[in-house]
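J.: One structure follows; several queries about it will come next.
Every number in this text was worked out from the coordinates using simple rules, so none of it is lab data. It should be emphasised that the depicted structure is a prediction, and the values quoted were computed from it without experimental measurement. In this analysis, Cβ positions are derived from the backbone assuming ideal geometry, glycine residues included, and neighbour counts consider all displayed protein chains.
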Amino acid sequence: MIRRREFLGLGALALAWPRLGFGGETLLAHMARPQDWATPTEYFDRLITPTPVFFVRSHFGPPALRPDRRLTIDGLVDKPLELGAADLKTFEEVTLTGVLQCSGNGRALSQPRVPGVQWEHGAMGQATWTGVRLKDLLERVGVQAGAAHLRIVGADLPPKPAVPRYVRGMPLARALDPTTLVAYRMNGEPLGLAHGAPLRLVVPGWTGNHWVKWLSALRVQKDEAEGFYMQTGYRVPKSPVAPGTVVPPADTVSLTTLPVKSIIGRPSDGGVAKVGPQEVVGVAFSGAAAIAKVEVSLDGGKRWTEAALEGEPGLGRWQVFRHRFDAAQPGTLHAVARATDQSGAAQPEKAQWNPSGYLWNAWHAVSWTVTA
Ligand SMILES: Nc1nc2c(c(=O)[nH]1)N[C@H]1C(S)=C(S)[C@@H](COP(=O)(O)O)O[C@H]1N2
Ligand SMILES: [Mo]
């Protein structure tokens, strides 16, 4: 566990974190890479993930903090536009609550193992996001006939010129979805550098790789954006494959929607509690539809009880589930949770293996000890 509050605030000084001994909340570092930080699982017991413990994922680390960075919008448009965060004030402001989850969250649990940042559960969080609709910006520039895709670039640069830049894309239809935002606030505060200041995309229901940070250029075009992060990265097999299969790129499709998932935040796996009232609490969400129900089993999946849900239901938005019961005697307890969304999709007992360990969403189980 490493302190990182200063990482959020001090920009270029971030790399000096081990020598900055401030107090504060902690995240979990991955692979000694200062740009990848996981939210501790015990925070998945509430509707909003506090910003100081909100996971951070970045391929190359942040660019310099430039509150005045311009965003250009060009390509197949009538009037190309260049604007700064202050210019967004002329557009309607929107705030929504949504889950940001890295497509690689849970990858560490893949069998056989797969390469990539070995996230267990902590590469996700829910925040309120405030900004303007990307749709409104695109209406201002006037999208021309024949346009079908958006190419999206952030200001971060790879460590070496030979490494491809982080370039993403999305179909124009998703860019025009009224929930797709160009955001400048997170949990009511100005966006921090680690989370994309001054501007980032918010794409509720879709995986984190689409939520481009340090937004600097949007291009409207006919074809899908090109580059490593479109044609090679962030793809899954077109149809399920056996664990360990090598899948050629031609047999893959781009990742988009977050599959239905729940995670138990408390009790912690391996924790200790006193005899008496017990509470299993966690979060559940789906990028396809609102959550319909979360069930908890205390006997390894034979009998299930529906948990109480808190918070507003919505696509790409998590709700808290809570199941209370009494433990009359000391011993070891087990709980497992599974969510079902309103499209009928149910969280699977085992996740569908794929070569990059994307979209892991198996049932989450915890065990804890009850003492007298
Ligand atoms: N410019 C830029 N945007 C980016 C990335 C990046 O490396 N560069 N990483 C993406 C990935 S893979 C994820 S999961 C999310 C993480 O967002 P967070 O750090 O705010 O949690 O940012 C996305 N946006
Ligand atoms: Mo990610």
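J.: Kindly provide the helix-only [θ] at 222 nm of the chain, computed as the sum of -39,500 (n - 2.57) over DSSP H runs of four or more divided by all residues, to the nearest 500 deg cm²/dmol?
T.: Here the helix-only value at 222 nm equals -1000 deg cm²/dmol.
J.: When the Debye formula is applied to the Cα atoms of the stretch 72-130, each taken as the same point scatterer, what base-10 log of I(q)/I(0) results at q = 0.20, 0.21 Å⁻¹?
T.: -0.82, -0.84
J.: How far is the Cα center of the stretch 112-181 from the Cα center of the stretch 227-303, in Å?
T.: Each part reduced to its Cα centre gives a spacing of 22 Å.
J.: Two decimals is fine: what's Rg over Rh for the chain, C-alpha atoms, Kirkwood radius as Rh?
T.: Value, to two decimals: 0.98.
J.: If you keep only loop residues by DSSP, which GluC sites (Glu not before Pro) in the stretch 306-372 have at most 11 other Cβ atoms within 10 Å of their Cβ?
T.: Counting only loop positions with at most 11 other Cβ atoms within 10 Å, the GluC sites (Glu not before Pro) in the stretch 306-372 are Glu349.
J.: Order 263-272, 324-333 from most to least packed using the mean count of other Cβ atoms within 10 Å.
T.: 263-272, 324-333
J.: Please enumerate, by chain and number, the lysines with C-alpha under 23 Å from the C-alpha of Lys274, excluding those fewer than 8 residues away in the same chain.
T.: Result set, ordered by chain and number: empty.
J.: In terms of the Cα gyration tensor, with a ≥ b ≥ c the square roots of its eigenvalues, is the stretch 25-158 rounded because a/c is under 1.5, prolate because a/b exceeds b/c, or oblate?
T.: prolate
J.: Would you mind counting up the charge near Leu150? Only other residues with Cβ under 10 Å from its Cβ, with Lys and Arg at +1 and Asp and Glu at -1.
T.: Within the 10 Å Cβ shell, the charges total +3.
J.: Find out how many positive minus negative residues lie around Pro348, taking Lys and Arg as positive, Asp and Glu as negative, among other residues whose Cβ is under 11 Å from that of Pro348.
T.: Summing Lys/Arg as +1 and Asp/Glu as -1 gives +2.
J.: In terms of Cα to Cα distance under 22 Å, which lysines are near enough to Lys135, apart from those fewer than 8 places away along the same chain?
T.: The qualifying lysines are Lys79, Lys89, Lys213, Lys222.
J.: Roughly what % of DSSP beta bridges within the chain run antiparallel, to the nearest 5?
T.: Around 90 percent antiparallel, to the nearest 5.
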